[in-house]
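Encoded as structure tokens, the structure appears first; notes follow it.
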């Protein structure tokens, strides 16, 4: 068994590589999710180049997920957060974003895996829509690239390790302005962009950590649920418009600490080694299992019975 690459940000290194594709020249393409690029290796695993740079504008990649090559060698990349698919030449120059009939960037609901069939149709898995789309690509380009090379992103005064989650810190989003790929995300005082379920899913969709079944299907605490009126919710567990959200129990800055290790970035606002987080709201569970069974199923969380 051979192994290629190691953890890091330099050429040939990866930070959570996710999906692979083989180019017509047998080059190996790997989506490098947290580094915001596609790593290109030769057939022996040697680093050749990277495609795309970290960012939120044309030619930049924020959460690259799927990667595929067409018959001409162009590299197509889906971005799960930006909701678009971009095409690059084999040497890494940006061709364009995939556009709809009105020439606007074509929108996808959390696009993930990409593949071409022999007839040139592009297949896109849309995680957010639970479907696969089959697209016929009408090539309106003239062979000229939009940019010779993608420009590096501007993160302002914020460290890149912060912008990995805080997309709203990156210019021009920080000023409320759009990019050529999408409008600036909107936030409310009670629901910062970083704490929306969409941003949480961008890493917990299997690319960095696979929490889809455990959090979105099996766990009793669904987002958007209003706790019963008699249930006390401590101030340290913030609701969003009176409803449970990801940020109610989770925060990336618990205790004011941040280690920068994406592999261990599942943060609880309160230590839960002896269920003290759960007991903050579920005080009925301190009175024994009989009381717990009287609660509505949606409120039992990890204590619920089938």
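Values quoted throughout were computed directly from the atomic coordinates according to the rules given, and no laboratory measurement underlies them. These numbers were taken from a predicted model, which means no experiment stands behind them. Because the Cβ atoms are built from the backbone with ideal geometry, glycine has one as well, and the counts that use them run over all protein chains shown.
Observations
- Annotation: peptides 28-37, 268-277, 43-52, ranked by per-residue average of other Cβ atoms within 10 Å with the highest first, follow the order 28-37, 43-52, 268-277.
- Each part reduced to its alpha carbon centroid, region 176-252 and region 38-87 end up 28 Å apart.
- With the convex hull drawn over the C-alpha atoms of region 1-152, the volume per residue is 114 Å³.
- Sequence-distant contacts, meaning Cα pairs under 8 Å at least 6 residues apart, place the relative contact order of region 17-136 at 17 percent.
- Computed from the C-beta positions of residue 183 and residue 267 and an R0 of 30 Å, the FRET efficiency is 0.55 to the nearest 0.05.
- Take the Cα of residue 72, step 7 Å toward its Cβ, do the same at residue 135, and the gap between the two points is 1.5 nm.
- Distance (nanometres) between label positions extended 7 Å along Cα→Cβ at residue 44 and residue 158: 4.3
- Take each peptide in 86-96, 203-213, count the other Cβ atoms within 10 Å of every residue, and average; sorted highest first, the result is 86-96, 203-213.
- Among 105-112, 176-183, the peptide with the highest mean count of other Cβ atoms within 10 Å heads the list, and the full ranking is 105-112, 176-183.
- Label point distance in nm, residue 171-residue 6, each placed 7 Å from Cα along Cα→Cβ: 3.6
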